[in-house]
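The values are calculated or read from the model by the stated rules, or taken from the named source; none is laboratory data. Since the model is a prediction, treat every value here as computed from it, not as a measurement. Ideal geometry is used to build each Cβ from the backbone, glycine not excepted, and the neighbour counts take in all protein chains shown. With ligands, DNA and RNA removed, areas are computed over all heavy atoms of the protein, side chains included. Shrake-Rupley method; radii C 1.70, N 1.55, O 1.52, S 1.80 Å.
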Amino acid sequence: MKVNVMNRSKFCAGLLCCLLASLFLQTVQAKEPADQSNRHVLIIGMDGTRPDALLKAKTPTFDRLIKEGAFTDDANILGTRYQKNDTISGPGWSSILTGVWADKHGVHDNSFKGKNYELFPHFFKRLKRQRPDAKTVSLVSWDPIHEHILSEADIAQVFPLPRSKQQIADLRVSGDKLNIDTRDGKWHHLLATRQKDTLKLYLDGKEIGSLSGVDLDYTLGGDFYFLGRDSRTGPTCFHGQLDDIRLWNRSLTDKQIAQAASGATPDRQGLVAEYRFEDAADSGSQVLDLPHNGGKNHGLQVPLTESLKQLPHADFTIEARFRTTDKGRNILFGNYNGKAGALNLELHEKNSVRIYVQPPDPRNTDALAREGERDKTIAETAVRILREEDPNAMFVYFHQTDATGHAIGFSPEVPEYITAIENIDSRVNSLLQAVQSRPNFKNEDWLTIVCTDHGGLKRSHSDGLNVPEIRRVFLIAHGPSVAPGKISQQAYLVDVTATALQHLLGEVDPKWQLDGKPVGLKATK
Ligand SMILES: [Zn+2]
C-alpha cells in the first residue's frame, strides 16, 4: 500500500484497523499470558520507618537496592481521594497489602472494625485466583496482619516477642489458703526455693504454693542486704522476733526443708549466709528482737557479698523463722529498692506470705533488644524458606523500627532508631543473599519491594493527616523488571500491591478497582 495515494479518510480507517488489531492482539495476549511461573515477589515491610532516617542510617543493603533499583523518599501514606483513616498500622498495612484505600478495605484504625477484605483482599488471594500453583508466604510479628488481613497463604507464621529475662517473679500465697495463722505470736518457719524455672514456698516445712516458668538470670543490686526490712524503713518493716535466717545457693530437698523447719541444720553445703543471732545485744534472747516501729535503725544491715549478689542466677533456698502478731505487711528480709535486682521474703497483707524476685531493670527496657531478636528470627525463617521452598510471593515484616520510635522517638536524631534501621538492613541482606543463592536463580525473575506503613514524630504517628513526618514514606523496588532511578510519579502505599500484581500476573485488572498503580517497573515508569 502506498500511503501517498491514500485519502485522509482511508488513512484514518487504516489506522483504526491497526489500532483494533493491536488491541485484539493485546486481549489475546492477556487471555493467554506468557508463562509467569518464574515471577517472584519479595515484599519487605519495616514498620514506622521515616525516609530521612533511612537515608541517614548506614545501610549498605538498602543503598545498593536504591542505587540499582527504583526509589522515592517522597511516597505518601494517604491518597488524595480518601483520607479519613488514622495514620497507624491497621489501615497502613491494609492499604499496602490490598492496593486500595480505607473506604474500600474498610479499616480505619487498629480495631479492624468494618474490614472488607472479602471484596478487597490481600493480593495473595488475587495471585492465587490467577495462578493457583503460586506459593505464598507471610512472616509477621504484628498479629493483626495475620489475623485480619491475611486471607490465605501457604506458609503463614506469627512471631511472638521473646520472653524477657527481666521478668519479676512474684509468688504470693494468700492467707485464706493457709491452715496456719502466721500472726498468732507463735514461731513459724517460712522458706522459699528456686529449682530451675520454679519457685516454691514452704510454711512450717510444708509446700504451700509454686510458680513455674520463671527465668531469673540476674544479679542483686545495691551494697547492703537488710534483715527485718528491705531497703525501705517505715510501715513495711517486720515487727516481732526473727531467727535462723539462711540463704543457700542450692535448692534444699524436701527432707532437708523439713529438717530446717524443725530447727535442725541440714547439710551445710551451699550455705551462703546464716544469721542465728547467738551474739545479739540481748544475749539471753538469741533472736533478732524488733519491737519498735520501723525507724531509721530498724533491723540489721549486712553487706551484700558477691555470693549473695549471684544468688538469683541459679537454684537457691532462703528461709527465716519468725514470731509476730502484726497483721500487716512485714518484710522478713530483702533488698528491694525499686530499681535494682532484689530478693525479698515477706509476710504480706491479709495473712499472706510472699517471695519477690526483681530484675535490675523492672521497667523492661530490654523490650527493644528483644524486638531485634525477633526480627532476626523472622529473617532466619525467611532465609530457610527461600532455601527450601519455592515461594512466588513472600511478605516479610520487621518491627524494631516502630517499637523504637514509640519507646524513644521517630527521628533521624535518635541513635536507637537509626540502629534499628541498620539492624533491619543486615536482616534484609541475609534475605537477598538467600534469593541469589537459589539454585534456579538465573531463571527466576525476582522483584523486591521495601516499604513502610507510616513515619512518625516524637513518639507517635497517629492523627498524622497534616504531619509530613508521619505521612511521608519511602518505596524501593529492585529487580530485572525495574527501571532504575528515581520514581518520578507520586507514589502511595496502595502502589505496592499494584506493582507486585503487575509483576506476578503481567497486568492489573481494572475489575479489582485498585487505587494503586504499578510504580518503578520498566513498562510503567
Ligand atoms: Zn506504631
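Screening the range 351-375 for residues that are assigned to a loop (DSSP other than H, G, I, E, B) and more than 30 Å from H188 (Cα to Cα) and picking the one that is modelled with the highest pLDDT gives P360. Say whether the condition of being farther than 23 Å from D509 by Cα, surrounded by fewer than 19 Cβ atoms within 10 Å (Cβ to Cβ) and within 21 Å of the chain's Cα centre (by Cα) is met by at least one residue in the range 60-74. No, because not a single residue in the range 60-74 is farther than 23 Å from D509 by Cα, surrounded by fewer than 19 Cβ atoms within 10 Å (Cβ to Cβ) and within 21 Å of the chain's Cα centre (by Cα).
If W142 satisfies all but one of (1) more than 20 Å from V396 (Cβ to Cβ); (2) within 16 Å of the ligand (Cβ to nearest atom); (3) among the aromatic types (F, W, Y), what's the number of the condition it fails? Among (1) more than 20 Å from V396 (Cβ to Cβ); (2) within 16 Å of the ligand (Cβ to nearest atom); (3) among the aromatic types (F, W, Y), W142 violates only (1). Exactly one residue among G455, G409 is away from the ligand (no atom under 12 Å from the Cβ), in contact with a Phe, Trp or Tyr (Cβ under 9 Å, 6 or more places away or on another chain) and over 28 Å from K522 (Cβ atoms), and that residue is G409.
With respect to R438, is the statement that it is more than 29 Å from the chain's Cα centre (by Cα) and touching a residue at least 24 places away in the same chain (Cβ under 8 Å) true? Yes; evaluated as a whole, the condition is true for this residue. Looking across S210, S231, one residue alone is farther than 20 Å from G270 by Cβ and either over 37 Å from the mean Cα position of the chain (by Cα) or at pLDDT 95 or above (or both). It is S210. Restricted to helices (runs of 4 or more DSSP H) entirely inside the range 68-147, those with at least 3 residues that are farther than 24 Å from H40 by Cα are 89-98, 102-105. When restricted to residues that are of a type in the set (K, R) and open to solvent by 70 Å² or more (accessible area, probe 1.4 Å), the range 33-59 contains 2. Every condition in (1) on the phi < 0 side of the Ramachandran plot; (2) outside any helix (DSSP H, G or I) holds for H406 except the one numbered (2).
E413 meets the conditions (1) open to solvent by 20 Å² or more (accessible area, probe 1.4 Å); (2) not in a loop (DSSP other than H, G, I, E, B) in every case but one. The failed one is (2).
Looking only at the range 458-488, how many residues end up being of a type outside the set (A, V, I, L, M), away from the ligand (no atom under 16 Å from the Cβ) and closer than 16 Å to I77 by Cβ? Total satisfying the criteria: 3. When the residues of the range 465-490 are filtered to those that are part of a strand (DSSP E or B) and open to solvent by less than 70 Å² (accessible area, probe 1.4 Å), which remaining residue is farthest from N38 (Cα to Cα)? Among those residues, the one meeting the criterion is V473.
Residues in the range 75-99 that are away from the ligand (no atom under 16 Å from the Cβ), β-branched (V, I, T) and buried (at least 24 other Cβ atoms within 10 Å of the Cβ): T98 alone.
The residue pairs whose first member lies in the range 164-176 and is within 25 Å of G372 (Cβ to Cβ), whose second member is of a type in the set (S, T, N, Q), and whose beta carbons are closer than 7 Å, counting only pairs six or more residues apart or on different chains, are S164/N364; Q166/N364; I168/Q358. Residue count for the range 152-182, restricted to those that are part of a loop (DSSP other than H, G, I, E, B) and within 30 Å of H239 (Cβ to Cβ): 7. Here M1 meets the list (1) away from the ligand (no atom under 16 Å from the Cβ); (2) at pLDDT 95 or above; (3) not small (G, A, S) almost entirely, failing just condition (2).
Within the range 381-400, the presence of at least one residue that is crowded, with 17+ Cβ neighbours inside 10 Å, within 16 Å of the ligand (Cβ to nearest atom) and assigned to a helix (DSSP H, G or I) is confirmed.
The residue that is farthest from the chain's Cα centre (by Cα), counting only those in the range 307-331 that are open to solvent by less than 10 Å² (accessible area, probe 1.4 Å) and not hydrophobic (A, V, I, L, M, F, W, C), is T324.
Of all residues assigned to the range 515-524, none qualifies as being on the phi > 0 side of the Ramachandran plot, open to solvent by 30 Å² or more (accessible area, probe 1.4 Å) and modelled with pLDDT of 95 or more.
Applying the condition of being touching a strand residue (DSSP E or B) at 6+ places or on another chain (Cβ under 7 Å) and not in a strand (DSSP E or B) to the range 433-452 and asking which residue is nearest to the ligand (Cβ to nearest atom) yields T452.
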